[in-house]
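The next block holds one structure in the form of structure tokens; read it before the comments.
The values are calculated or read from the model by the stated rules, or taken from the named source; none is laboratory data. Quantities reported herein were computed from a predicted structural model and do not represent experimental measurements. Cβ placement follows ideal geometry from the backbone for every residue including glycine, while neighbour counts extend to all protein chains displayed. Heads up: the accessible areas ignore ligands, DNA and RNA and are worked out on the full protein's heavy atoms, side chains in. Shrake-Rupley method; radii C 1.70, N 1.55, O 1.52, S 1.80 Å.
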Amino acid sequence: MLRRSLIIILHLSLLSFGYADPAPNCTRLSSVVNSESEFEMVQHQLRGSLKIRDDCSFRVSQFDMLPGSDVHWWGAQASDFDNLTAGFIVSNYGLNGTYNNSTFDVHLLSNVSWSMINVLAVWDRATASDFGHVVLRKDAPASPPPPTVFENCKVLSKNFRLRWSLNVSEDSLEIGLEAATGITNYMAFGWANSSAQDSDLMIGADVVVAGFKEDGMPFVDDFFITKYSECVRNSDGVAQGVCPDSFYEGPDGVGLVNNSMLVYGHRKDGVTFVRYRRHLTKVDGKYDHPVNHSANMKVIWALGRIKPPDSINPYYLPQNHGAVNYGHLVLNVSEHVNECTGPLDAEDKEDQGLITADANVPLVVSSAPAMHYPNPPNPEKVLYINKKEAPVLRVERGVPVKFSIQAGHDVALYITSDPLGGNATTRNLTETIYAGGPEAHGVQASPTELVWAPDRNTPDHVYYHSLFDQKMGWKVEVVDGGLSDMYNNSVILDDQQVTFFWTLSKDSISIAARGEKKSGYIAIGFGSGMVNSYVYVGWIDDTGVGHVNTYWIDGKDASSIHGTQENLTHVRCKTENGIITFEFTRPLDPSCRREKRVECKNIVDPTTPLKVVWAMGAKWTDDHLTDRNMHSSTSNRAILVHLMRGSAEAEQDLLPVLAVHGFMMFVAWGILFPGGILAARYLKHLKGDGWYRIHVYLQYSGLVIVLLALLFAVAELRGFYFSSTHVKFGFATILLACIQPANAFLRPPKPANGEQASSKRVIWECFHTIVGRCAIVVGIAALFTGMKHLGDRYDVENVHGLRWAMAIWFLIGALIVIYLEYHERQRIGRQISGRGNWVLGNLEEDDSVDLLRPTRTTADKELQHSARMEVQLEPLNR
């Protein structure tokens, strides 16, 4: 029983390491069965061995790989760009995470066979990246291993490894130096003088210095050390220091005594790798030490900055390696060593050229053959920016980027969220296009200009590519500039402790708040105070992660803080030196207005000043809030932020000038203008032109008061804006009021007694009447919208009562008009009936123009002619 349990435990252990028994029904007929190959590293530091077990599985051993996004085993017909991108998944075995010297078995999908696969690759579908692959050479002799494969590996330091393969029969030693270091750094390794003491191993040492030149090509040089100093010539012309072997031989010796032969070199994922070959014993005894392959020998190593050639020294010379980037050890190259268990993981993996966009300098976009494309496989032609091949482009939010596109008419530049480019819709995928498109193409003789302005909602990483072909461009890093660059407007809130930023769009508003002193959280609220306000809190938790929470506050203690579920997007919160900044985007009008949640009433009207307050405190939490989370400092009063104007002012009581403005408008539209109209309507039966004088005096007085009230408001508010409903109604009323005097000046002459009014007179009377009535209606609407604006802007407590008082005033006025209209009708009726007793010589007749009833109706005229008239003749000389 114990033995069976041990067998089961052993079996489960093997499964946990990735081993699996062959499928019971799997044959071994393919010509690639039992073949073994080494993976060719392309990127992500992939290494490993492959063995085909049978027709439906393979084993991977000593497998190293840095993690990717969506990595799979991939089959293709060939290793070129077109075939790899047209490949297919061959197994359900996903490659997630980092692999460190791992061994596991992989089964092919049931519908996949080895006859379909000429290249087995490790493929990241998200970026169309080949991490590494094996070419299956069916019925062909095995190919030599890739240049990254060695028999031995020893760890020199955390970031530096030594690999080697010994070939005694050919008197050669192939060495690979591998370091996670900067592209401008060198790697040094060599044999110390056998007679040197441990404290003085560098003097007389034979070392190799390897790295990459400025043009991106690897180099290997033999060096001999005579002194702890940079290579120089003394006054006698003798070379001394850390110098190339050829430097000791003078100008004629360049390259003649370099006994280290470069085999291969690459720079991938922030790791420098250089392979070179040297002889064991066939060396010059002057600057090179022979290597006894079976003996323990002292070796030294170092990492450091390298100085490129100049007009004096045509060499790449190592600089001081520092206090920690060097060491020594005893090495026997015949002993098998494998200390390297896993890939080197560099902190900075991006080696591609970096171009930072300048708002004033256009970026020249061209195309040329690919030399060092950062994300293989790639097409033959790729994009260059400012003559750099597929560089990383760094732009700032809020700073426009200008491109001068000269890549040819077959290359259309666009900025996209898709890492592959080439129009994602052709692959049945979606993408977000931020700039460019089919028209963004040009040549050097006729370039096309494209301007892109990344904003605060642009993701941190996007891509520039050709719309017509995949993988011609590379990454765009979008970094935060100053908040003033990212937002269109900003104001400093009360007490100058918080800066408020915003950008308006059609249906949303983007907001940022930055504290000006250290705090544990910062809050801004929409309202006259924190009580009865909608609040946004930015805070950092104990793990350093930023959050933005939303609340409704209806009291002064912690129990009055109620969490809400507002629709916030593009949320960010960070702290720098204790200064908190948070950002978010929210809709102007919540989409939940039909619901009864309190946050559904949190509407931001850009035409109305937004009241903003702030608070700061030591600590905030997502959990139960207590009085300890209350603020330690807060604003003394709200700031009125004019969202559309980009300005702000402190909230204050109703300004006296604006009160005068409102009173004057009420006198004009509530008393004078209606009084003038009533005079024209109901006082014409009086003798003389008194009604006319009253009408004109009241109308002109009202117009003068309206214009003065307008000037007062414009002067006080420092501008004239059509943003609010009140201003729109007010402008309409003033326009109608100004039309009336001009209309009166152009009136046609009144007809003589007994004559019929001309058509022009009739039209004028109708127009004058309609405009007057419309002016009164719109003026009353302007008064009521002004009262609403007063309440929204200044929180006047009795605005509701004032509105009711004004409504009652106009209601009384309407009742008076009804009463007067009734009596006017009665008077006109009596006048018509009294014409039957007309006495010759009585010439009093009401010919006056009735502005509200300008012409007699046809019925009136018929009544006059059909009436029976009695004429009484009286003698003149009674």
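What are the pairs with Cβ atoms under 6 angstrom where one residue, in region 544-563, is among the hydroxyl-bearing types (S, T, Y) and the other, located anywhere, is outside any loop (DSSP other than H, G, I, E, B) and open to solvent by less than 50 Å² (accessible area, probe 1.4 Å)? Sequence gap at least six, or different chains.
Note: pairs meeting the criteria are T550/Y536; Y551/V535; Y551/I561; S560/I553.
When you scan region 456-463, do you find a residue that is out of contact with any helix residue (DSSP H, G or I) (no Cβ under 9 Å at 6 or more places or on another chain), farther than 15 Å from A128 by Cα and open to solvent by 60 Å² or more (accessible area, probe 1.4 Å), even just one? It would help to see each step written out before you state the result.
As a first pass, look at region 456-463 and keep what is out of contact with any helix residue (DSSP H, G or I) (no Cβ under 9 Å at 6 or more places or on another chain): 457-463.
With farther than 15 Å from A128 by Cα added as a condition, the list becomes 457-462.
Adding the requirement that they be open to solvent by 60 Å² or more (accessible area, probe 1.4 Å) leaves 460-461.
Yes.
With a cut-off of at least 3 residues that are of a type in the set (S, T, Y) and at pLDDT 95 or above, name the strands (runs of 3 or more DSSP E) lying wholly within region 388-481. Steps first, answer last, please.
Values: elements: 392-396, 401-405, 413-416, 433-436, 448-452, 461-466, 474-479.
Where strands (runs of 3 or more DSSP E) fall fully within region 388-481 and carry at least 3 residues being of a type in the set (S, T, Y) and at pLDDT 95 or above, they are 461-466.
Suppose we keep only residues that are polar (S, T, N, Q) and modelled with pLDDT under 55 within region 1-54. Which one would you say is most open to solvent (accessible area, probe 1.4 Å)?
Keep residues of region 1-54 that are polar (S, T, N, Q), which gives 5, 13, 16, 25, 27, 30-31, 34-35, 37, 43, 45, 49.
So of that shortlist, the ones also modelled with pLDDT under 55 come out as 5, 13, 16.
Working: S5: 48, S13: 48, S16: 91 Å².
Out of the qualifying residues, it is S16.
Does Q406 qualify as being open to solvent by 80 Å² or more (accessible area, probe 1.4 Å) and in contact (Cβ under 8 Å) with a residue 12 or more places away in the chain?
Values: open to solvent by 80 Å² or more (accessible area, probe 1.4 Å): no; in contact (Cβ under 8 Å) with a residue 12 or more places away in the chain: yes.
No; evaluated as a whole, the condition is false for this residue.
Can you list residue pairs whose Cβ atoms sit under 7 Å apart, with the first residue in region 89-101 being over 12 Å from H44 (Cβ atoms) and the second being open to solvent by 70 Å² or more (accessible area, probe 1.4 Å)? Count only pairs 6 or more apart in sequence or on different chains.
N100/T341; N101/Q62; N101/T341
Check E396, E389, E339, E350 and return the single one that is in contact with a Lys or Arg (Cβ under 6 Å, 6 or more places away or on another chain) and among the charged types (D, E, K, R). Walk me through it before giving the result.
On the way: E396 fails: in contact with a Lys or Arg (Cβ under 6 Å, 6 or more places away or on another chain); E389 fails: in contact with a Lys or Arg (Cβ under 6 Å, 6 or more places away or on another chain); E350 fails: in contact with a Lys or Arg (Cβ under 6 Å, 6 or more places away or on another chain).
Checking each option against the conditions leaves just E339.
Could you grab the pairs with beta carbons closer than 8 Å, sequence gap of 6+ or different chains, first residue in region 376-391 and within 13 Å of T85 (Cβ to Cβ) and assigned by the TED database to the domain that holds A407, second one outside any loop (DSSP other than H, G, I, E, B) and open to solvent by less than 10 Å² (accessible area, probe 1.4 Å)?
Every condition considered, the pairs that remain are P376/S129; P376/D130; P377/L84; P377/D130.
Scan region 539-550 residue by residue and report those that are farther than 13 Å from K619 by Cβ and either open to solvent by 30 Å² or more (accessible area, probe 1.4 Å) or not aliphatic (A, V, I, L, M) (or both). Steps first, answer last, please.
First, the residues of region 539-550 that are farther than 13 Å from K619 by Cβ: 543-546, 548-550.
Correct list: T543, G544, V545, G546, N549, T550.
Among the candidates A742, A757, A752, single out the residue that is open to solvent by less than 90 Å² (accessible area, probe 1.4 Å) and either part of a helix (DSSP H, G or I) or at pLDDT 80 or above (or both). Show your work before the answer.
Working: A757 fails: either part of a helix (DSSP H, G or I) or at pLDDT 80 or above (or both); A752 fails: either part of a helix (DSSP H, G or I) or at pLDDT 80 or above (or both).
The match here is A742.
I'd like to check something: does region 642-651 contain any residue that is closer than 19 Å to A775 by Cβ and either in a helix (DSSP H, G or I) or at pLDDT 80 or above (or both)?
Kept after step one, since they are closer than 19 Å to A775 by Cβ, are these residues of region 642-651: none.
Looking through region 642-651, none of the residues is closer than 19 Å to A775 by Cβ and either in a helix (DSSP H, G or I) or at pLDDT 80 or above (or both).
Please return the ranges of strands (runs of 3 or more DSSP E) entirely within region 254-365 where 3 or more residues are closer than 29 Å to E214 by Cβ and over 38 Å from the mean Cα position of the chain (by Cα). It would help to see each step written out before you state the result.
Working: elements: 261-268, 271-279, 297-307, 326-331, 354-356.
Here the list reads 261-268, 271-279, 297-307.
Against the conditions (1) surrounded by fewer than 20 Cβ atoms within 10 Å (Cβ to Cβ); (2) farther than 24 Å from V333 by Cα, where does F212 fall short? Just the number, please.
Among (1) surrounded by fewer than 20 Cβ atoms within 10 Å (Cβ to Cβ); (2) farther than 24 Å from V333 by Cα, F212 violates only (1).
Does region 520-529 contain any residue that is open to solvent by 30 Å² or more (accessible area, probe 1.4 Å), more than 27 Å from D589 (Cβ to Cβ) and touching a residue at least 24 places away in the same chain (Cβ under 8 Å)?
Let us first name the residues in region 520-529 that are open to solvent by 30 Å² or more (accessible area, probe 1.4 Å), namely 528.
Okay, now just the ones that are also more than 27 Å from D589 (Cβ to Cβ), so none.
Taking every residue of region 520-529 in turn, none turns out to be open to solvent by 30 Å² or more (accessible area, probe 1.4 Å), more than 27 Å from D589 (Cβ to Cβ) and touching a residue at least 24 places away in the same chain (Cβ under 8 Å).
So, in region 523-557, of the ones that are among the β-branched types (V, I, T), assigned to a loop (DSSP other than H, G, I, E, B) and touching a strand residue (DSSP E or B) at 6+ places or on another chain (Cβ under 9 Å), which residue ends up nearest to L610 (Cα to Cα)?
Quick first cut of region 523-557, residues among the β-branched types (V, I, T) only: 524, 531, 535, 537, 540, 543, 545, 548, 550, 553.
From what is left, the residues that are assigned to a loop (DSSP other than H, G, I, E, B) are 531, 543, 545.
In the following step, the residues that additionally are touching a strand residue (DSSP E or B) at 6+ places or on another chain (Cβ under 9 Å) were identified as 531, 545.
Details: V531: 16, V545: 30 Å.
Of everything passing the filter in region 523-557, V531 is nearest to L610 (Cα to Cα).
Considering only residues that are charged (D, E, K, R) and open to solvent by less than 30 Å² (accessible area, probe 1.4 Å), look in region 567-588 and name the one that is farthest from the chain's Cα centre (by Cα). Explain how you work it out, then say what you get.
Here is the first cut: in region 567-588, the residues charged (D, E, K, R) are 572, 574, 576, 583, 586.
If we keep only those that are open to solvent by less than 30 Å² (accessible area, probe 1.4 Å) as well, we get 583, 586.
Values: E583: 11, R586: 15 Å.
Of everything passing the filter in region 567-588, R586 is farthest from the chain's Cα centre (by Cα).
Out of all the residues in region 251-275, which are among the small types (G, A, S) and either at pLDDT 70 or above or crowded, with 21+ Cβ neighbours inside 10 Å (or both)?
The initial filter retains those residues of region 251-275 that are among the small types (G, A, S), namely 253, 255, 260, 265, 270.
The answer is S260, G265, G270.
Condition check: open to solvent by 50 Å² or more (accessible area, probe 1.4 Å) and free of Cβ contacts under 8 Å to residues at least 40 places away in the same chain. Does K506 satisfy that?
On the way: open to solvent by 50 Å² or more (accessible area, probe 1.4 Å): yes; free of Cβ contacts under 8 Å to residues at least 40 places away in the same chain: yes.
Yes: the conditions hold for K506.
Mind checking which residues of region 413-471 are of a type in the set (S, T, N, Q) and at positive phi? Spell out how you get there, then give the answer.
The first filter runs over region 413-471 and keeps only residues of a type in the set (S, T, N, Q), leaving 416-417, 423, 425-426, 428, 430, 432, 444, 446, 448, 457-458, 466, 470.
Result: N423, N428.
Can you tell which of S199, S195 is over 23 Å from N320 (Cα atoms) and free of Cβ contacts under 8 Å to residues at least 24 places away in the same chain?
Numbers: S199 fails: over 23 Å from N320 (Cα atoms).
Just one listed residue meets the conditions, S195.
Would you pick out the residues in region 724-735 that are surrounded by fewer than 19 Cβ atoms within 10 Å (Cβ to Cβ) and at pLDDT below 85? Break it down into steps so the answer makes sense when it comes.
Initial filter on region 724-735 (surrounded by fewer than 19 Cβ atoms within 10 Å (Cβ to Cβ)): 725, 728, 731-732, 735.
T725, K728, F731, listed by residue number.
Do we find that S591 is open to solvent by 80 Å² or more (accessible area, probe 1.4 Å), assigned by the TED database to the domain that holds T550 and of a type outside the set (A, V, I, L, M) in this structure?
On the way: open to solvent by 80 Å² or more (accessible area, probe 1.4 Å): yes; assigned by the TED database to the domain that holds T550: yes; of a type outside the set (A, V, I, L, M): yes.
Against the criterion (open to solvent by 80 Å² or more (accessible area, probe 1.4 Å), assigned by the TED database to the domain that holds T550 and of a type outside the set (A, V, I, L, M)), S591 qualifies.
Please work out which one of (1) open to solvent by less than 40 Å² (accessible area, probe 1.4 Å); (2) of a type outside the set (S, T, N, Q); (3) part of a strand (DSSP E or B) is the condition F247 fails and give its number.
With (1) open to solvent by less than 40 Å² (accessible area, probe 1.4 Å); (2) of a type outside the set (S, T, N, Q); (3) part of a strand (DSSP E or B) applied to F247, the lone miss is (3).
When you look at S311, is it small (G, A, S) and either in contact with a Leu (Cβ under 8 Å, 6 or more places away or on another chain) or open to solvent by less than 30 Å² (accessible area, probe 1.4 Å) (or both), yes or no? Reasoning before the result, please.
Working: small (G, A, S): yes; either in contact with a Leu (Cβ under 8 Å, 6 or more places away or on another chain) or open to solvent by less than 30 Å² (accessible area, probe 1.4 Å) (or both): no.
So S311 does not fit the description; no.
With respect to D348, is the statement that it is over 24 Å from M187 (Cα atoms), outside the structural domain of D222 (by the TED database), touching a residue at least 40 places away in the same chain (Cβ under 8 Å) and surrounded by fewer than 15 Cβ atoms within 10 Å (Cβ to Cβ) true?
Details: over 24 Å from M187 (Cα atoms): no; outside the structural domain of D222 (by the TED database): yes; touching a residue at least 40 places away in the same chain (Cβ under 8 Å): yes; surrounded by fewer than 15 Cβ atoms within 10 Å (Cβ to Cβ): yes.
No.
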